[in-house]
Amino acid sequence: MTKAEKRAAVGGFLWIVAVVQYFVAQVAVASQWRTPYSWWDNYISDLGNTACGRFMGNYVCSPLAGAMNASFIIAGLLTVAGVGLMGSVWPPTSMASLGVLLWILAGAGQVLVGAAPENEDLPLHLIGALNLPVGSVAILLLGLASRRTGLGLFGIVLAVVGLVGTTLSIFAPDLVGVGGAERLAGYPGDLWLLVVGAAALLPRPEPASAEVLTKMA
């Protein structure tokens, strides 16, 4: 395994950890709600709300809000670290470079979501929440840059789903609930990180090159 492949494998592992701990945190934190928590009608950010009471149309009371906010921050930091380690595996094109940059911004946005809970600084929190559409656009660009590979096509499909979710969350959240729309916007990105991260761990018989995604597909 070359040095570049080792770095990519470490980056992939960090992405897997980021996604797994993020979903475990959601389930664990949601389980402590007494209301209970609705995966369709509550925002993901409600899990990190540090107060109890009505907020944006929902009753919110998250006993483990601190754990959820820590999970947001950890996921964002690991995402950025993984991007740094895997940056060399993408095709050497301006489109891929822009996609990598947007993933860094998406990771930073997730950190901001955890650092500024919705009830403490909503404007700053909403800026951080832009990580969802930014991540979808990043996946789309990286997918288009490697569209001749299986992972590239997979990324394009997930990006479209994520952008549809973003559109629903803005214009028609009642169709699937505000929580459902937000998850439709964000979970495709998490799935992409998980799959691409896992692909980076797989041994590749062919020599590494600037187009490692082609070898992983």
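What is the magnitude of the charge dipole of the chain about its Cα centre, with +1 placed on the Cβ of each Lys and Arg, -1 on the Cβ of each Asp and Glu, and no other charges, expressed in debye to the nearest 20?
Approximately 640 debye in magnitude.
Which ordering of 37, 187, 43 is given by a fewest-first count of other beta-carbon atoms within 10 Å?
Ordered by Cβ neighbours within 10 Å, fewest first: 187, 37, 43.
Against the globular-protein guess of 2.2 N^0.38 Å, express the Cα radius of gyration of region 26-120 as a ratio, rounded to two decimals.
Working it through for region 26-120, the quotient is 1.31.
If you average 1/r over all unlike Cα pairs in region 3-216 and invert the result, what Kirkwood radius do you get in angstrom?
One decimal place: 17.4 Å for the Kirkwood radius.
Tell me, what does the Kirkwood hydrodynamic radius of region 63-190 come to in angstroms if you use every pair of distinct C-alpha atoms?
In region 63-190 this quantity evaluates to 14.9 Å.
None of the figures in this text is laboratory data; all of them are computed from the coordinates on show. Nothing here was measured: the structure is a model prediction, and the numbers come from that model. Methodologically, a virtual Cβ is constructed for each residue, glycine included, from the backbone with ideal geometry; neighbour enumeration extends over all protein chains shown.
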